[in-house]
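Working notes for the structure below.
The values are calculated or read from the model by the stated rules, or taken from the named source; none is laboratory data. The model shown is predicted, which means the values in this text are computed figures rather than measured ones. Here Cβ is always computed from backbone atoms with ideal geometry, including for glycine, and neighbour counts include all displayed protein chains.
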Amino acid sequence: MRGTWAALWALLISTALGQQPIGIRTFTNYPGLTDGCKEALASNVSCPIFLPVVSPNNALLDEDQVDELCVDDCYNSLKSARAIIKAACTETTDVIIVEDIAYPATFIADNYLLTYEVSCRKDKSGNYCDPQLLSWTNGSWPVNGSCSECWLGALETQLNSPLGYDEGMDDNFKSLTSSCSATGYSVTSPTAYALSITATATESSSSAIASSTATPSCSSYYQVKQTDDCNSVAKSLGVSTYYLLQANNLDLYCQNFAAKVNQTLCVPAQCTTYTWQADDTCDSVVGGLANVTLPQFFSWNPNINSLCLNAPFFIGYEVCLSPPSGYLNHTTSGSDSSTITTATAVATGLAAVPTNAMDISNRNCSQWYTVQEGDDCAKVSLAQSISLTDFYFLNPEIDANCTNLQLDEAYCVKAVGSITSYPNYTVTGVLPITITPVNFTYVNTAIPTATSDPGYEYTGTPLLPTASGTISGCYDYENPSNYTSQCVDMAAGYGISMKQLVAWNPSLENNASTCNLNMANSYCILRYENSTAYYTCDDLVYDYSLTLAELVSWNSWLAGDCDAALYANLKVTDERAVCIGVGSASTSKTMTATGTTTTSTRTATQTTSTMGPIPTDTVSGCQQFYTVTDSDSCATVLTKSDITLEQFYRWNPSVGSTCTHLWIGETYCVKGPASTATTSATTMAPTQTGIASNCNKYYTVVAKDSCAKIETTYNITFAELYQWNSAIGSDCEYLEVGYSVCVGIST
C-alpha cells in the first residue's frame with residue numbers, strides 16, 4: 001500500500017530533491033526551470049533530514065521518526081514552501097519531468113505533504129498509526145489488522161490525494177471496507193495531477209507507472225533463513241541490496257525483511273558487488289575503479305542520488321560496481337523480446353553488417369548496436385564506451401543535435417583498429433601547445449636530520465574553535481560535517497548518544513529534533529581514550545539507582561574525577577570490579593572496560609556471563625536475562641531466546657513496541673516471571689489488559705499450557721475464559737507464559 005505512488009519517484013530517487021531540510025544541501029537545478037522557480041525550490045523547511053529519503057516510497061516510520069516529523073513547524077514550513085513555489089513558478093512552463101511525465105513545480109512539496117499526512121495519522125486513542133503498522137509488518141500482523149482504523153485510514157488519505165490515487169486500489173478499498181463492515185470512509189476520485197505526457201513518452205497504452213513497476217525478472221530463487229538480513233543475503237547472492245529489495249517489493253530500508261523468513265525471494269540479476277562503508281564517498285569508491293564513471297555507477301545504483309548525499313543511509317548495503325547482468329555481449333539473442341539486438345561483433349576484426357544497419361554508417365566497423373526505446377546519442381556513447389565525436393564520425397547521417405536517431409536501426413559503435421587511421425578523421429578541439437624549457441635550481445635531496453627542515457607535513461583540516469562550554473581535556477574534538485548541521489547526525493556518526501554529546505558540549509540543545517550545531521565550532525565526541533563504550537559514573541548512578549556520593553563512598557578510588565579514575569590504566573579487554581551495593585541484599589557486579597557486568601545473585605535468576613545495565617522498567621521476577629552484543633538485532637535475540645516480540649516488549653517496555661530501542665551492552669529479560677501452578681484470589685503475576693474487574697480466582701500460565709488445558713482444569717468454557725480475558729485473543733493466540741489469567745469471577 002505505502003509504495004503505490006513510488007513509481008512516480010523513480011527518477012527523483014536518483015537525484016537530490018528541492019525543499020531542503022535545514023542542515024543539508026540538495027540539488028535544485030532541474031532543466032527548463034526559470035531562475036526564480038529554482039530559487040523557490042531551494043526554500044528551507046523545518047523538517048527532519050530523513051524526509052527526502054522516506055518520501056519516495058512513503059516508508060513506514062518508527063516512534064522516534066514520527067515524533068520528529070509530526071510537528072507543526074514541519075507541516076507549516078511545507079505549506080509555506082509550497083505557496084512560495086506556486087507563486088514563483090509558472091505552471092505550464094516551469095515543470096519537473098518524472099518518467100517522461102510533466103508535473104508542476106509543486107510536485108516535490110506536494111509529495112512531502114502527502115507523506116506527512118499519511119505518516120502522521122493517529123488512531124482514536126491518539127497513538128500514531130505508523131509505528132503500529134510497522135510492528136505488524138515484522139511478522140505480528142493481527143487477525144483483523146486489515147480492518148483497523150490505522151490501515152483503512154491510511155488508505156483513505158492516500159486515495160484522496162491526486163498523487164496517491166489508483167483506480168485498482170480504489171476498487172480494492174471499497175471491497176475491503178464492505179467486508180470489514182467499516183463505515184465513515186469515503187474516496188472522491190481526485191483531479192489528475194500530471195500536466196501532460198512529454199514528447200519522449202512511450203506511445204503504448206501502458207502508463208509510466210505500469211512500465212516502471214513491471215514484474216522483475218528472476219535469475220533464481222532463495223529461501224530466507226532466520227539468521228539472514230537483507231545485506232547478508234545480497235552479499236551471498238552477488239546482487240545489490242537495492243535490486244534485491246526492489247525485486248521483492250520490500251522496504252528500501254529493510255524494515256519488513258524479517259517477515260520474509262522461511263519465504264522465497266526472487267533473485268535479481270547479479271553484478272560485481274561492494275559493501276558500502278561509513279567513510280565511503282562516491283568519488284572514493286569509483287575513483288579506484290578502472291573504466292567506470294560516476295554516471296555509470298549512479299545508473300547501476302538508483303538508490304544513491306546524483307550528489308551522493310544520501311549514501312550514509314546505505315552503510316552496509318551491497319552496491320553494484322558493474323552493470324546488473326554484466327556488460328553487453330553484442331550477440332544476436334534470436335528472440336524478438338530481447339532488449340538489446342546487435343549483430344555478431346568481432347573485437348578486433350570486421351563485423352558482419354546487420355540487415356537493419358543505417359545506409360550511411362561506416363561499414364568498416366567491428367561492432368554494431370541497435371537503438372532501443374529511450375536511447376539518445378549520449379546514452380549510446382556512454383553504454384558502448386565510445387566518444388560522441390567518434391560516434392558521429394562513424395555514423396555521419398546523425399545530425400549535430402541527435403534529433404534523427406532511428407529506433408530499431410543499427411549504428412556502428414566501434415572502429416576496426418585505431419579510428420585515427422580512418423580517412424578524413426581529424427582530432428578536433430586540441431590547441432597547439434608550446435612548452436618553454438625550464439631550468440630548475442639545485443635541490444638538496446639528503447635525508448633531513450633531527451634538526452633540519454622536515455619539508456612539507458600534512459596537518460589535515462584545521463580544528464575549529466571549541467564551542468562555548470565544551471569540556472576541556474576531551475580526548476577527541478571534531479568539526480561538524482560539511483553535509484549536515486544536525487546534532488543527532490554527529491552523535492550517530494561517532495557512535496555516541498545525544499545525552500553524551502550534550503553533556504560534553506552544554507551549548508547544544510538537549511532535543512534531538514531541534515538541536516543544530518554551530519558550523520564555526522568544534523565539539524567533544526570522545527571523552528577518554530579507553531572509554532570505548534562511553535560508560536560513565538553517571539551511567540552507573542542512573543542504571544543502579546544510586547547517588548554519586550554512595551558510589552564514591554563504596555569505591556574510594558573513584559574520588560576526584562570519577563570517570564577518569566573509572567578507566568585509568570585499563571586496556572580495552574581489561575575488567576574492573578565496581579561496588580554498587582552493600583548489605584545483605586547486595587549484588588556483586590563486575591564492570592568491564594566496555595561497561596558490561598558479570599552478575600552473581602542469591603536468587604534463582606539465570607544470567608548471562610557478562611551482564612550490562614538493566615533498564616529500570618524491566619519486569620520484576622525475571623527468570624533469565626540476555627546482554628545484547630554488537631552482532632545482535634531484535635530478531636536474533638527473539639530467535640535465541642525462543643520468544644515472541646510481544647513477550648519481549650511486555651518484559652522490557654524500554655525497547656518500544658517495535659523494538660527500536662534495543663541497545664548494545666544492555667541486559668534484557670528473555671524469560672518472564674516464574675509462574676505458580678496454584679490459583680489465588682489475587683494475582684501473583686502480571687496480567688494482560690482487559691481482565692474481568694470482578695475476577696476472584698487467578699491462574700498463572702506455565703510452559704506448554706493451552707486454553708483447552710485451563711478450561712478442563714477449572715471446569716469452564718472457552719467463551720467464559722475469553723470473556724474474562726479478552727487479551728488472549730478469539731483463537732487463544734495470545735496466551736502468554738508467566739501472566740495470570742482469570743479463571744473465576746464473583747457473582
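Descriptive notes on the structure:
- Scope the range 683-707; condition free of Cβ contacts under 8 Å to residues at least 24 places away in the same chain and over 41 Å from the mean Cα position of the chain (by Cα); matching residues: S693
- Restricting T90, T15 to those that are part of a loop (DSSP other than H, G, I, E, B), of a type in the set (S, T, Y) and at pLDDT 80 or above reduces the list to T90.
- The conditions of being farther than 24 Å from L638 by Cα, at pLDDT below 80 and surrounded by fewer than 19 Cβ atoms within 10 Å (Cβ to Cβ) are not met by S220.
Table: residues versus (1) more than 21 Å from Q132 (Cα to Cα); (2) at pLDDT 85 or above.
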residue	(1), (2)
G656	no, no
V670	yes, yes
T676	yes, no
I691	yes, yes
D705	yes, no
I716	yes, yes
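- Residue in the range 93-109 that is modelled with the lowest pLDDT, counting only those that are in contact with a Pro (Cβ under 9 Å, 6 or more places away or on another chain) and crowded, with 20+ Cβ neighbours inside 10 Å: I96
- Search result, residues across the range 614-633 that are crowded, with 20+ Cβ neighbours inside 10 Å and either touching a Leu at 6+ places or on another chain (Cβ under 8 Å) or of a type in the set (K, R) (or both): V628
- Highlighted here are the strands (runs of 3 or more DSSP E) found entirely within the range 574-650 that include at least 1 residues which are closer than 14 Å to C669 by Cβ and modelled with pLDDT of 85 or more: 622-627.
- Selection status of N160, surrounded by fewer than 19 Cβ atoms within 10 Å (Cβ to Cβ), modelled with pLDDT of 85 or more and out of contact with any helix residue (DSSP H, G or I) (no Cβ under 9 Å at 6 or more places or on another chain): yes
- For the range 693-716, the set of residues classified as part of a strand (DSSP E or B) and farther than 21 Å from D731 by Cβ consists of C695, N696, K697, Y698, T700, listed by residue number.
- Qualifying positions in the range 55-78 - surrounded by 14 or more Cβ atoms within 10 Å (Cβ to Cβ) and assigned to a helix (DSSP H, G or I): E63, D64, Q65, V66, D67, E68, L69, C74, Y75, S77, L78
- Residue pairs whose Cβ atoms lie under 6 Å apart, sitting 6 or more positions apart in sequence or on different chains, and linking a residue in the range 316-333 that is farther than 22 Å from N305 by Cα to a partner that is at pLDDT below 70, are L328/I340; H330/T342; H330/A345; T331/T344.
- Matching residues, the range 470-490, being under 20 Å from the mean Cα position of the chain (by Cα) and in a strand (DSSP E or B): Q486
- Counting only helices (runs of 4 or more DSSP H) that fall entirely inside the range 241-302 and contain at least 2 residues that are among the aliphatic types (A, V, I, L, M), the qualifying elements are 241-247, 282-287.
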